[in-house]
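Scroll down for the structure; my scribbles are underneath it.
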Amino acid sequence: MTDAALPSAGAGRPARDIRTAVEKRLKARHAAERRFRFYGLAAILIAIAFLGVLLGRIGLQGYSAFETYTVELPVYVDPSRIDPADVQGANYDLMIADQLVTRLGLADPTGDLGLAAKDVLSPDLGFQVLEQVREDPSLIGRTITLDAPIGDDADLYYKGHYGREIVEDDRTLTDQQLTILDRMQDKGMVSSGFNTGLFTRSDSTQPELAGLLGAIVGSAMMLAVTALLAVPIGTLAAVYLEEFAPRNRFTEIVEVNINNLAAVPSIVYGLLGLAVFINWMGLPRSSPLVGGLVLALMALPTVIIATRSSLKAVPPSIREAALGVGASRTQTVFHHVLPLAMPGVMTGTIIALAHALGETAPLLMIGMIAFVPGVPEAITSASSTLPTQIFIWENASERAFHERTAAAIIVLLGFMIVMNAAAIFLRSRFERRW
Amino acid sequence: MIWIVFAGLFLFSLATYWLGRRKIVAATRKAPDRPHSLAGYHGAYVAIWATVPALILLIALVGFGDRLETAILAADLPPAVQALSADQQSLFLSDAQAVAQGRRASDQAYAGELGAALQATAERAGRIDRTLRWGGWALAGLLALTGALFALPRIAPQFRARNKVEGWVSALLVICSAVAVLTTVGIVLSLVYESVRFFSAVPPLEFLTGMQWSPQIAIRADQVGQSGAFGAVPLFVGTFLVMLLAMMVAGPIGLFSAIYLSEYAGRGTRAVVKPVLEILAGVPTVVYGFFAALTVGPAFRGAFNWVGSLLIGGPLDGFGQYLMTVQNQMALVAGVVMGIMLIPFVSSLSDDILNAVPQSLRDGSYAMGATKSETVKKVILPAALPGIAGAFLLAVSRAVGETMIVTMAAGLQAKATLNPLETVTTVTVQIVTLLTGDQEFDSPKTLAAFGLGLTLFVITLALNVVALRIVQAYREQYD
Amino acid sequence: MLPKIFRQRDDEGGAAGLVSSTATLGGGFINGAAHHPPKVIARGVDVFYGDKQALFDVSLEVPDKAVTAFIGPSGCGKSTFLRCINRMNDTIPYARVTGRIEMDGEDVNARSVDPVVLRARVGMVFQKPNPFPKSIFENVAYGPRIHGLAGSKSDLEGVVEQSLRRAGLWEEVKDRLHQPGTGLSGGQQQRLVIARAISVSPEVILMDEPCSALDPIATARIEELIDELRQQFCIVIVTHSMAQAARVSQKTAFFHLGTLVETGPTEEMFQRPKDPRTQDYITGRFG
């Protein structure tokens, strides 16, 4: 059956020749193989190194923010400086600073030292005195003890982030101020401890008083709204598409839609939120309600896709068995299939929510760039969230905000790790392998 | 107040459920046949009819009540108010409503006739508000009652309550599925609507081809300074440049790591590396932005400055001088960090694509005496090429739509340049800048953001559709 | 009784016809003596997939310039043993091969033997035709290219043409060499794969159920091709069709549950099997 055999030019060479020819190229080929394998391994190592550098840098930048220096001062509420009729008008900060200078044993003929001292302390001290005097005017003339964080630049100095090695003109604190700080430390007025304020205070323009409470509560409220909307709607939509929908135009359109929505940039969702929820519906700007609505729309495609694949994984024999004993379509799905698919659905949902926790761009669009002091009271009040807080602090000019931003990132990543770990735990514990 | 109404409705629905259930249970005891449906379904049937119409009305009231009130007020304004401009009228109305509700009005001062008109309108607003509210609640109550009265008599053993209830459930499912379509419709409509307003002020041709982007609007006629130039080409070029740099990082690293994982790595390696890549994928983009702004930016600038300092005085002196001037916010920084972010994306997509190539092709190649690298280079990659191309397109789409990294790392200068050491701005950065400043909503400056948003949406949609289609065709080939 | 499974030439019936058929087909197996020395010798081969043992102590000789058939029911280990000869089991991470398999006196599993070189000497054809998604020309040129066997472009074209001719495909594809190989019919694809295998002039060709995915006409063509190729190559064919084994092979080995039950000249195996299990399989009692 073969065509007339031609004189061999390769396909009929003696085996010895072939083998020699093959072995000649072998070394180069194996070298190429080793190189190629090395490129692959190198790519993976580079990716891991990137992650290490990223997390390492942020960890290094942020860990110091979890510690803060506080100062404890007895303050004499000097009646000569306060007008009882106008307690608000007195310059408490300067009063405290002057007393501090005296207590440190430094002479201050010109009053410059007092002004310098004022800048290393936090305005919080003055506010504390004001509040206490307002509440109880009889304090005027007595001595009260105050406890407050040290000023932000002083805090950085104590932590060793910068010091005298930098030329005075390039620093925020003068040599004079550094001397004051050193003396305060020598006298034992300053102590360091865990920065609980980071978690108990909300945002402030003063870095030493800025905390994440408002952002955490805002994020929690927002995620709650997102979960309450995205989980039921997404699960039910997936149930419909997977179990009930006939193969017609409508379902095809819906499926194409969902795949496309999953890839739409997040900022476009923000624009949608701005145009529809804030301008057309008039919902309050910068509220967890609107944020939750926008993120729910963003999370919806992910939840639908995850639920669908969980439903697909349930074998048809379950459905057939249920139908076989006379259950209706709806009963089969809701009593048998969906409960079995639940672990997968929960895992996918938690992962989608963890992702939503980190979204920033759409929240900026709906107004969460504003400075929000205090904790949001309801889902309709203006609030901040962890990622937007990080963005705001990153833009701030005070150096002390750098370490706080990194600390906020650590907190955010912490929450996300917990959520992902919960999802993985759920998956390994409850997922059935069919 | 409204919560009490909702709570009342909820309690009413529970009551009707209980009534329906009780009725069928009683009927069952007397009748000889088994009822068609379980008792719970009968109860649910009554409860649904009692609740749903009323609920719809209440939600409509909450959502549109204010708007309705404003419309009624606006229909019959005092003559003094009608003389005002449209903007002033709407301010007047919202102030009147604020006064009526005891909230703080705007700082606008209304003198004389207008002041009196304000009071009158406020009173009217209060009346209308109360009418709408109490009337609405009463109507809702009526609907609930009617619903219950309609449904309860139908409860009987042969009544197919389960089918009816399941019908309602199906309707609910369809509505939930429709939300996905509604979202797309919403996105398209809102973008188009606002963009149309933008393009009526700025011609589309100028937007798409203009080379100058400085979205200032002269606030006063005598203000010195530019009036708006809305040529978006520098933004497109900036977006393209950053995307290109990002793909140059993510493409090779992502693809090679996918090749290693799918062809070379053992189970142990895969078990360790895949979670690490997942972590890299899960890091929020704002964190990448922070990393870019505070670590990568200064590091790169320092490096370039140092190289520049070495070159000064030598043959490349001019270049050296230039290198000393580069800023923190160069396109290279944003591009590299965005590339790092995209690595797991490219890697996992490519891994899927490579795994779809059938094992028989690999076997055929190994049986011929090919090494693994030869098999990958000559058989697997060519076979997987369409899929890989689709994966890369999806990554490009992601890069183009990325916001936080570029906002924090790139700059605001709209320059059409392909030099990675320059400061450029992208479409997404401008959208953020335009909408997070202080301006009222209608100025062309703000509407420009929607024009940019529409452009972004169209481009990413086109990329996604093409990419998904390619990947789908590729998958079908091997299934 | 044995079914009539031998091709009758010149319509000779009866035992005389049988003997003359075997004489023609057998080539060198008259009186059971092997014409050519054994090409592959296996001694005490065990194969493990993880903890599970798939082959138990297989010892076998495969003669050169002849067709040897491995038969047996599904899962008996014949494909596994086939894949040991060209070390394709190496590509399975948890497979382990022990024992000795010699080709031309050299242990193929020795450290000094490079699988790449081995697989250039031992070609393989799979059950489902698996041409690369490249052109017909590129499919056949793949082997010579990677092993560096063709010095110039005209050399390569010559090798490709010769391989396609030997596989009996040249006339059908000579005008469309640059069209994709996947566009051919099933039978043509399998012949393309055979052409690809012989393009590097192997010494042994392994075929793992090469016709099971083809229709009877394509099968017949491939069997004729195998009959011609055996004049130049040592061929081992795994088949689940006893009829095919009887038509095409000179030596047959019967595998069952991972052991080699019986082996011998094909005619003897089918007419006078020594082991009762072989008898049972051949008469269709199981499998």
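Bear in mind these aren't lab numbers, they're just calculated from the coordinates by the rules spelled out. Nothing here was measured: the structure is a model prediction, and the numbers come from that model. When we count neighbours, we look across all protein chains shown, and the Cβ atoms used for this are built from the backbone with ideal geometry, even at glycine.
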Inset, instruction - Multiply the residue separation of B:Phe6 and B:Leu310 by 0.36 nm, subtract the distance between their alpha-carbon atoms, and state the gained length in nm to one decimal. - result: 102.0 nm
Inset, instruction - Please name which of A:Gly89, A:Val254, B:Leu38 has its Cα lying farthest along the dipole of the protein assembly as shown towards the positive end, using unit charges on Cβ (Lys, Arg +1; Asp, Glu -1) and the Cα centre as origin. - result: B:Leu38
Inset, instruction - Please report the Cα spread of the range C:207-248 along all three principal axes, rounded to whole Å, starting with the longest. - result: 26, 18, 16
Legend entry - Calculated diffusion of the range B:1-77, Stokes-Einstein form, Kirkwood radius summed over Cα pairs, 25 °C and 0.890 mPa s, µm²/s: 165 µm²/s
Inset, instruction - Of the listed pairs C:Lys78/C:Lys274; C:Lys52/C:Lys78; A:Lys312/C:Lys52; B:Lys377/C:Lys78; B:Lys274/C:Lys128, which have alpha-carbon separations greater than 22 Å here? - result: A:Lys312/C:Lys52; B:Lys377/C:Lys78; B:Lys274/C:Lys128
Legend entry - Virtual spin-label span in nm between A:Ser192 and B:Ile175, 7 Å along Cα→Cβ: 5.9 nm
Inset, instruction - Loop only per DSSP, at most 14 neighbouring Cβ atoms within 10 Å: give me the trypsin sites (Lys or Arg not before Pro) in the range A:401-434, ordered by residue number. - result: A:Arg432, A:Arg433
Inset, instruction - Mind grabbing the base-10 log of I(q)/I(0) for the range A:93-178 at q = 0.11 Å⁻¹? Debye formula, identical points on the C-alpha positions, no solvent, two decimal places. - result: -0.36
Inset, instruction - Give me a single rounded figure for C:220-231: the average over its residues of other chain Cβ atoms within 10 Å of their Cβ. - result: 1
Inset, instruction - Can you pull a Stokes-Einstein diffusion coefficient for the range B:2-159 at 25 °C (0.890 mPa s), Rh from Kirkwood over Cα pairs, as a whole number of µm²/s? - result: 132 µm²/s
Inset, instruction - Could you check the simple spin-label distance between A:His335 and A:Arg164, using points 7 Å along Cα→Cβ, in nm with one decimal? - result: 8.3 nm
Inset, instruction - Please average, across the residues of C:158-167, the number of beta carbons from any other chain that are within 10 Å of each residue's own beta carbon, and give a whole number. - result: 5
Inset, instruction - Can you tell me the FRET efficiency between B:Ala462 and B:Ser200 if r is taken as the Cβ-Cβ distance and R0 is 25 Å, rounded to the nearest 0.05? - result: 0.50
Inset, instruction - Starting from the Cα of C:Asp155, step 7 Å along the direction of its Cβ; do the same at C:Arg176; then give the gap between the two resulting points in nm. - result: 3.1 nm
Legend entry - Tail fraction, Cα-Cα pairs, the range A:213-430, threshold 21 Å, whole percent: 59 percent
Inset, instruction - Could you let me know the centre-to-centre spacing of the range A:43-83 and the range B:96-173, using Cα atoms, in angstrom? - result: 51 Å
Legend entry - Stretchable slack from A:Val418 to A:Ser138, in nm (0.36 nm times residue separation minus alpha-carbon distance): 95.8 nm
Inset, instruction - Would you kindly calculate the mean projected area, averaged across all directions, of the convex hull enclosing the Cα atoms of the range B:237-357, in square nanometres? - result: 9.7 nm²
Legend entry - Whole-Å semi-axes of the protein assembly as shown's equivalent ellipsoid (Cα gyration tensor): 74, 43, 29
Legend entry - Alpha-carbon Rg with Dmax, taken over chain B, Å: 32.4, 108
Legend entry - Ordering of B:356-363, A:189-196, A:353-360, C:187-194 by burial proxy (mean other Cβ atoms within 10 Å per residue, highest first): C:187-194, A:353-360, B:356-363, A:189-196
Inset, instruction - Would you mind checking the tilt of helix B:2-30 against the longest principal axis of the Cα atoms of chain B, expressed as 0 to 90 degrees and rounded to 10? - result: 70 degrees
Legend entry - the range C:166-221 - Debye-derived log10 I(q)/I(0), Cα point model, q = 0.15, 0.18, 0.19 Å⁻¹: -0.45, -0.64, -0.71
Legend entry - Highest-MSF residue in chain C out of C:Lys78, C:Lys153, C:Lys65 [GNM, Cα springs under 10 Å]: C:Lys153
Legend entry - Over the range A:71-215: Rg over Rh, Cα atoms, Kirkwood Rh: 0.97
Inset, instruction - Give the peptides A:363-375, B:141-153 in descending order of average Cβ contacts within 10 Å, highest first. - result: A:363-375, B:141-153
Inset, instruction - List the DSSP H helices in chain A whose Cα atoms stretch 15 Å or more along the helix axis and whose mean Kyte-Doolittle hydropathy is at least 1.6. - result: A:213-239
Inset, instruction - Please give the FRET efficiency for A:Thr205 paired with A:Ala49, using the beta carbon to beta carbon distance and R0 = 45 Å, rounded to the nearest 0.05. - result: 0.75
Inset, instruction - Provide the net charge surrounding B:Arg124, with neighbours chosen by a C-beta distance below 14 Å and charges set as Lys +1, Arg +1, Asp -1, Glu -1. - result: -3
Legend entry - Net charge of Cβ neighbours under 12 Å - reference B:Trp49; Lys, Arg +1; Asp, Glu -1: +2
Legend entry - Zero-based 5 Å bins, Cα pair distances in the range B:229-478, whole percents: 1, 6, 11, 14, 15, 14, 12, 10, 8, 5, 3, 1, 0, 0, 0
Legend entry - Summed side-chain charge close to B:Gly387 - residues other than B:Gly387 whose Cβ falls under 9 Å, Lys, Arg +1, Asp, Glu -1: 0
Inset, instruction - Put one equal scatterer on each alpha carbon of the range C:169-287, apply the Debye formula with no solvent term, and list log10 I(q)/I(0) at q = 0.12 1/Å to two decimals. - result: -0.52
Inset, instruction - Using only atoms on other chains, find how many Cβ atoms lie within 10 Å of each Cβ of peptide A:358-368 and report the average. - result: 5
Inset, instruction - Sort largest first and round to whole Å: the equivalent ellipsoid semi-axes of the range B:248-305, each the square root of five times a Cα gyration tensor eigenvalue. - result: 29, 15, 9
Inset, instruction - Return one quarter of the surface area of the convex hull spanned by the alpha-carbon atoms of the range B:228-279, equal to its mean projected area, in nm². - result: 5.0 nm²
Inset, instruction - With a/c under 1.5 counting as rounded, go ahead and sort chain A into rounded, prolate or oblate using the C-alpha gyration tensor (a ≥ b ≥ c being the square roots of the eigenvalues; past the cut-off, prolate if a/b is larger than b/c, else oblate). - result: oblate
Inset, instruction - Over the alpha-carbon set of chain C, divide Rg by the Kirkwood Rh and report the Rg/Rh ratio to two decimals. - result: 0.97
Inset, instruction - Set Lys and Arg Cβ to +1 and Asp and Glu Cβ to -1, take the dipole of the range A:213-430 about its Cα centre, and tell me which of A:Leu289, A:Ile369, A:Val239 lies farthest positive. - result: A:Val239
Inset, instruction - Would you please give the FRET efficiency between B:Gln158 and A:Arg247, computed as 1/(1 + (r/R0)^6) with r the Cβ-Cβ distance and R0 = 30 Å, to the nearest 0.05? - result: 0.30
